[in-house]
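In what follows, a structure is listed as structure tokens, so that the remarks can point back to it.
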Amino acid sequence: MGEKKIRVMVAKPGLDGHDRGARVLSRCFRDAGFEVIYTGCHQTPEQIASAAIQEDVDVVGLSCLSGAHRYLFPAVAKLLKEQGAGDITVVGGGIIPEQDFKLLYDAGLKAIFVPGATLDGIVDWFKTNIKPRD
Amino acid sequence: MYFAKEVLDSSSEMRRKWEDEVKKVIAKSADQKPRWSTVSDLEIKRLYTPEDIKDMDFARDIGYPNQFPFIRGNQPTGYRGKFWTFRMFSGMGDAKTTNERWHMLLKEGQTGLSTAFDFPTLMGYDSDSPKARGECGKCGVAIDTLEDFMQLVDGIPMDKVTTSMTINPPATALWAMYCAAADLRGIPLSKIGGTIQNDMLKEFIAQKTLMCPPDPSVKLISDTVEFGAKHVPRWNTISISGYHIREAGATAVQELAFTLRDGMEYVEDVIRRKGLAVDEFAPRLSFFFNSHSDFFEEIAKLRAARRIWAKAMRDRYKAKDERSWWMRFHTQTAGCSLTAQQPYNNVVRTATQALAAVLGGTQSLHTNSLDEVLCLPSDHAVQIALRTQQIIAEETGAANTIDPLAGSYFVEALTNEMEEKAWEYIHKIDEMGGMVAAIEKGFPQLEISDAAYLFQRQIDSGEKIMIGINKYVSDEATPIPLIEIDDAVETQQVERLQAVRRKRDNKAVKKCLDDIKTACKKGENVMPYCIDAVKSLASVQEICDVYREVYGEYRDPGLY
């Protein structure tokens, strides 16, 4: 058995269709040797939480560029906790104004990536902070 | 272009001499980088000369304005009779707030309106749908029923100003509202002018505002084309859009090829499904392109687009009416080129992109505001963006003469190269069985993903530069005033919708919705029934739910 791979779900909550970042990152994670599940656009927080649990992922990366992150990101984190999956790390990215960071960290997100973040920087953060669960 | 043999001979002799000089200089000090390419990674030569366009024929390939192949535009007078339409895309919060912004823009010299709807409206959900939570009024204006719409167009001279609506899956419902609003104000449908985006193929390819599967989506579009051809002659019933394809990460050639192939798909569908002759509807097809940062690539792309379309309409679809050969298009500067870092730099980017659009001969233009990378634009930012267009129009002289870059060795060679590469894609998609079939295979989606990934890698490695992102980075934050849409908009909009539901004649609404359902099942044109339905105060979602029920829902397959 080789080293266990990081299992990541890239998810697009809400009605936003701006998926360039999510697609680019999914491909980048795959190239970095992670196991990647990309949900496609228009997932409800409920669908994302239950898919994350079913797929037994280590981390969920949420992407939103519509401004609805204030509602959608905390909703996913809360549902995971409620369903006993609080050990799945939740991170987010997109057009997220700095004044919203605190609200999102308080809701349980572990990192927020905004435009200008490099692919390698994001991969490094994942490798450092995400330990594949047994 | 025809050059006398002596010209080409002396050119090649001069070339050899120049190439020797280049080699000597490079031997002493290398170029700054080994490879020079456009933002789309199209390799560019150090110099272009008559040799690069020696096979061109002036009459066949360039010609005059208002003459085939229309590379120099449709208007015989260019911008002298009328500048392009200054059309700023705007919408925010509720209908009243957006209406105020529209009046402000018209007062500031804007000459056309363009509507940004919020995500629930764009996706065919009402403001009180659970799916709309957190999105109401955030990215644009929330419209649920004709009551909202009447407020949106309050005081707008609908028979004078043309209005564009960026709306796709629910286009029939929103266009029906525009028609109904005109009717209620006593303006005949023959007098209203505008555009609905109504281009679902690029939604499957790029923007992902999705509702029903491709085939019924195209059917609804053909309904609007037919209805417009018969009853609303000044309306552009589709705006075949490359903008979103480019924003999703496509190269300029992909934007050009996929957009034009989408246009061909619609032409074929209307002919097949509706039995209309091409000249009955083709003059009202319109296009929408991106103007990105690579100046000459964009100009070449827009020129190539006109020539490809004219050839396709004349030779492939046998259109006889010259207006069917015209490509009329709107352009928007590239949102994806803007940076949150050092946001004032965005004014400069937008200005050069807008200038490229004008030199490429656009007929309508939106210039992005400097803060659009962060939020909806503030009044001040949108005013600078509008003034950018006005400065280009009135101060730079760019509008003085038609197609000023024609005959440039470089621009003509690049235009030819882009056209050639676009046709390669178009023929490849033909071989796949058309664009719907190509989309079902994931072909355009994955081509775009490849390009987007390559570009991001090139940014990360420093091969491509974005100032403020990977070069001339500043640690200092530049605070700019940001617009925030109050969460209270959602509560108020939900209350307003529910009040409408209480006061309207719900039996009449149901009857109208049943009529739409019957029309869908029989394959009839839904437009007349949609107009009746919105007049009965049926909501956007209620109409879209009929489509979802009859045609089924399409889910994003999540290709990457």
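Derivation of every value follows stated rules applied to the coordinates shown; laboratory data play no part. Keep in mind it's a predicted model, so treat the numbers as computed, not measured. FYI the Cβ positions are ideal-geometry reconstructions off the backbone, even for glycines, and counts take in every protein chain you see.
Some notes on this structure:
- Rg over Rh for the stretch B:359-488 works out to 1.05, both radii taken from alpha-carbon positions and Rh defined as the Kirkwood radius.
- Divide the volume of the convex hull around the Cα atoms of the stretch B:73-211 by the residue count and you get 124 Å³ per residue.
- For peptide B:207-214, the mean count of partner chain Cβ atoms within 10 Å of a residue's Cβ comes to 3.
- Over chain B, dividing the summed -39,500 (n - 2.57) contributions of all DSSP H runs of at least 4 residues by the number of residues returns a 222 nm mean residue ellipticity of -15000 deg cm²/dmol.
- For the pair the stretch B:353-370 / the stretch A:38-92, the C-alpha centres are spaced 39 Å from each other.
- Whole-Å semi-axes of the ellipsoid equivalent to the stretch B:59-461 (Cα gyration tensor, √5λ, descending): 29, 25, 23
- Highest-MSF residue in chain A out of A:V91, A:V59, A:V24 [GNM, Cα springs under 10 Å]: A:V24
- Taking Lys and Arg as +1 and Asp and Glu as -1, the other residues whose beta-carbon sits under 14 Å from that of B:I167 total -4.
- Average other protein chain Cβ within 10 Å of Cβ, residues B:446-458: 3
- Computed over the stretch B:413-456, the Cα gyration tensor eigenvalues convert (square root of 5λ each) into semi-axes of 20, 18, 5 Å, ordered from largest to smallest.
- Restriction of the trypsin sites (Lys or Arg not before Pro) in the stretch B:1-63 to DSSP coil positions whose beta-carbon has at most 12 other beta-carbons within 10 angstrom yields B:R35, B:K45, B:R46.
- Distance between the stretch B:443-504 and the stretch B:144-208 - C-alpha centres, whole angstrom: 25 Å
- Backbone HN-Hα couplings from phi across the stretch B:408-413 [Karplus 6.51/-1.76/1.60, Hz, Gly and Pro as x]: 5, 3, 5, 5, 5, 5
- Sparse-neighbourhood loop sites, GluC sites (Glu not before Pro) in the stretch B:211-265 - DSSP loop, at most 15 other Cβ within 10 angstrom: none
- Nearest-20 debye value, the stretch B:463-560 charge dipole, Cβ charges on Lys, Arg, Asp, Glu: 780 debye
- Restricting the calculation to alpha carbons of the stretch B:214-303 gives Rg and Dmax of 14.3, 42 angstrom.
- For the stretch A:7-128, the square roots of the Cα gyration tensor eigenvalues, ordered a ≥ b ≥ c, give a/c below 1.5, which places it in the rounded category.
- Qualifying chymotrypsin sites (Phe, Trp or Tyr not before Pro) for the stretch B:1-55 [loop in DSSP, other Cβ within 10 Å: at most 16]: B:Y2, B:F3, B:W36, B:Y48
- Based on the convex hull around the alpha carbon atoms, the protein assembly as shown presents an average projected area of 32.7 nm².
- Selection among B:A519, B:P188, B:S337 by position relative to the dipole of chain B gives B:P188 as farthest towards the positive end (Cβ unit charges, Cα centre).
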